[in-house]
1. Compute the distance from the alpha-carbon center of region 500-535 to that of region 118-150, in whole Å.
2. Given contacts defined as C-alpha pairs under 8 Å and at least six residues apart, what's the relative contact order of region 381-528, whole-number percent?
3. Quick one: what do you get for the chain if you divide its Cα Rg by 2.2 N^0.38 Å?
4. Can you tally the net charge around A464? Count Lys and Arg as +1, Asp and Glu as -1, for every other residue whose Cβ sits under 14 Å from the Cβ of A464.
5. Given the convex hull of the Cα atoms of region 1-133, what is a quarter of its surface area in nm²?
6. Report for the chain the percent antiparallel among DSSP-assigned beta bridges with both residues inside it, nearest 5.
7. Determine the calculated [θ] at 222 nm for the chain from helices alone, applying -39500 (n - 2.57) to every DSSP H run no shorter than 4 residues and normalising by the residue count; nearest 500 deg cm²/dmol.
8. Suppose R0 equals 45 Å. What FRET efficiency, 1/(1 + (r/R0)^6) with r the Cβ-Cβ distance, do R22 and R376 give to the nearest 0.05?
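No value in this document is a laboratory result; all are computed from the given coordinates. Here the structure is a predicted model, which means the values were calculated and not measured. Cβ coordinates were reconstructed from backbone atoms using ideal geometry, including for glycine residues, and neighbour counts include every protein chain displayed.
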Amino acid sequence: MGSAFLAKITRPAHTGVLQRKRLFRLLDIKCKQPIVWVSGPPGSGKTVLASSYIDAGNLQCLWYQADEGDSDIATFFYYMGLAVKKASPHKRNPMPLLTPEYQMGVPAFTRRYFEELFRRLEPPFIIVLDNYQEVATQSQLHEVMREGLSYVPEGINIVIISRSSVPKELVRLRANEMLSLVKWEDLRLTPEESEGIIHIRRPVPVELMELLHEKASGWVAGLVLMIEAMDTEGLVRQYPGSFSDFSHNEVFGYFAHEVFDNTDPETQDFLLKTSLLSGMTAKMTECLTGLSRSDEILSTLYQENYFILKRPESNNTYQYHPLFREFLLAYAKTIYPPDKLFKLSQKAAALLEEAGEIEEVARLYIKSEDWQGLSRLIMKQAKLLIMHGRNQVLAQWLKSLPEDIFNSTPWLIYWLGASRLPFDPPLSLSCFEQTFKQFSAQEDQMGMFMSCFGAINAILYEQADFKLLDSWISMLEDLFRSDPYFPSPEVKARAISSMFISLLLRQPCHPDIEEWAERVLTVSRCLQDANLRILSEIDVSLYYQWTGRFAAAEEVIAPLRNLARQSQTTSLAFTTLKAFEAMNYSLKGMHESCLAAVSEGLKVAQSTGVNTMLCQILTHGASSSLGAGDLDRARQFLEKIALMNESPQRMNMSYYKYLLAWEALLHNDLINAHEHITIALDLVVKIGFPFMEAMIRYGMAQVLFGRGEHQEAAENLAMTWRIGRGMKSHMIEFMCLLSDARFALDQGKEHKGLESLKQAMALGRKHGFTHFIFWRPDVMARLCVEALQAGLEKEYVFELVKKRNLVPEHPPLEVENWPWPVRIYTLGRFGLVVDGEPVRFLKKSRQKPLSLLKALIAFGGRGVSTGRIIDALWPDALGDAAISAFTTTVQRLRRILGGEAAVLVSGGKVTLNPVCCWVDAWAFERILSEAEAVVEHGKKRERRVEKVAGLFEKASGMYSGHFLKEDIDFYWTVSMRERLRSRFLRHIVNIGEYLQQNGGLKKAIELYQKGLEVDSLSEELYQQLMKCYGEIGYRGEVERVYRMCLKTLSTLLGVMPSHKTEAIYRKAVK
């Protein structure tokens, strides 16, 4: 650390200082509030007061001397970090730098910075900010101070020294009683203090003391100057007027000139030359002036209090009082000719640069118009300044250069582009376009590469027009074909990563993109820089996610996750990792894992102020929540995104509108869904982002289809298909196949729909897909029902339904192989299957809960009054005893069925939950109703016959016997049993007649035979069966059926067949 650095952060030492105990007592009172603002004119003793107060109290302190450079807040944080390190050297970790990624979250960064600063200091402690008036009025530093000083721990005081009053940004601190004032009226010398200073400086006749005090009006600098300006007879040279008639600067200039004239020529020359140095050691002054006795001159000036400060801790660095230096610099311009002053400035600049005070060097070069020196300084310091986040300082230096010099030097243009990248991407891009042309003309390959990197970063930072990447991709391809030499693995990694991300965002169908992804991983994994590794490789994970290769994406992310744990990664690298990790979890339907990654990313972003990835993190949280059906949480995320979108990047706004459209569609709000998706599509087309266009067009297709605009929906889906195929994205293919299946099924194109569904489910099983953006649970549940009904990928569909908790709007009771948590069999037998495992009924303790289950189903299963069940199962119990028995039995039944949700009790009503419980009797009735609907509304005769036959075959397969036939003794089973039996027989007849009339005699015969297997006493079935055989001329079969009917009725019921049966028989055998 150079001596100039140390001078800025080192408390000055003074000689011959009067201990102003009156002000010490005042400061003790003022320090009861954490912040003390000391204001007064130049030379009023503010700095000396603070320094002597620290000495008197033997206090620990951090001293920071502000200058105009601190108007740039990145510069302030940089130098304050050095001051903190000096004040607490035992802390190894450096304070954070305000690099560009923090620019969107300066308040959060500030809070974290000051919290860490205070944590490192051991109370009691004083932080002094000297010369605060040097900070520009419009500087953001005032807001930084307000934010950072809003909470100051007990035992720590902040003393701010300024010539100016409290800026408006800090007034709130005073209103909150955190800031107290020491004003000019407090600082004015009392007669006793003036006398004390006079005694220290030089002997003065008593009769002059009152005159000096009156003349100085309490101004320390004025008093000292008058003492020094006294002639040998002790007379004070008269100032033309009273001090109150002129500014303090004017008074100081007058008396400084008087004092200066009293020194010898050698000292005068020393003073004028060394005024070019903002801070100086004896060695520096000797080099500048050529005087071997420079050390002696400095010591003498200091000992005689000649308006010079000494900082012993910084290698005995000296500084002139600001007012005195202003006088000397102005006077030097009148004494030295321009060429001599220019050479002196060059020499002073070289000394200051060696000491590390580059800002002062730049100021000297700019004042002396030494453009060659400034250009050289910029080329040497630019990279370091950007690393420290001091982009604004670099840009100001560059803008000081004459246009002809600036425009003829491509590296200067390059550094302007680099410095302005986070703040003005279009200007930055323009710079890189200019430098690429100049470097190409000079055949500077590395300059061309660096221009490409910069241009691509500018385009990505703006996120407004990815089409601009096309030309840079071509240029990079040409450069890579020339087998370039890279000076370091880091530069090579940047080059390959820039090419890959450009292809991914703009040309994802490029034939070589897979090769570029592999090249990124190969070169990145050799890097020592963990942050560069994360930022390079994470883009490859994005590519794998977009193409549906989630296992490959996890193989990239997992090592980076471990790397982030084991090394000190930047907040930008960490939040970027968490954003892409959240996306990976979201696309895999792992909602809880996604929320955990989002939470980690938000915590770091909000605590550090690194908000670069904040919008992306929030969008992945919203996307995952929408996909999981957690619409309240999704709304919270979307509202946070909305707060960030006051002047959003075009890409962020497009994705935000896309999510709003998804949300609206989940609420069946097609009007708003269409409005949002239209805006999103318009924006993404303007950006030129193929993958995102594919995703938004997929969403547009869903919205348009819901609006009945089927042709437009198909066109958008076709465009999604085209991009997906070009990218070889299995995920997009899966989405499009599912959508194609849904569109076809909804339009009655069953064969086409099932074929697309077959391909989709096979693809989903192969790649383990369980989610995608714009996921709609109702649509997916319906498609899963169709898949199971068609026997497609049963195990995969089971997994999909269970993992995503898919529940159709109407429970698919007709689909027995839906992954029901509970299956209950009541037809022909009583059976219970919970989570795929049969429940045994051996334990006597289970009999009552099972009786409750049977009774509940027998009474309809939905909205059954508790009184009715109690009357059936506990007819002898009274009042509370009956209710208690019922409540206990319900709880036991719930445990058997696997949870509270299976049996719902509310308002004196009991319901067997149809969402998680399948009952064969319910399914049987649902299928019969569907068959009726086909008979009534079916269009094509051939398909109707086939459909009706298939449905009844399924229904008859379920009706393997009468309802709870083993519980025939319980009266409450009779009604349900008879209703189901009657409906079964009635539908056999109705559907059989329908089949007979529509050419399905053979199917009708099978139907009647199945009916007789269930109920051999149904005379009507014998009648219909004889009619069928008679129509096709099978008289032998007619005879056989009649004999079977006669025997069954006479044997079991003791009756003969009816006249109607006899008539049908006679007609059929003729």
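1. The two parts, judged by their Cα centres, are 43 Å apart.
2. Values: 142 pairs, mean separation 22.9, N = 148.
With pairs under 8 Å counted, the relative contact order is 15 percent.
3. Details: Rg = 44.5 Å, N = 1070, 2.2 N^0.38 = 31.2 Å.
Normalised by 2.2 N^0.38 Å, the Cα Rg of the chain equals 1.43.
4. Working: positive: K467, R506, R650, K686; negative: D424, E462, D465, D682.
Result for the neighbourhood of A464: 0.
5. Working: hull surface 37.0 nm².
The number I arrive at for region 1-133 is 9.2 nm².
6. Values: 19 of 42 bridges.
Of those bridges, close to 45 percent are antiparallel.
7. Numbers: 51 runs with 691 residues, N = 1070.
Rounded to the nearest 500, it is -20500 deg cm²/dmol.
8. Details: r = 52 Å, r/R0 = 1.17.
For R0 = 45 Å, the calculated efficiency reads 0.30.
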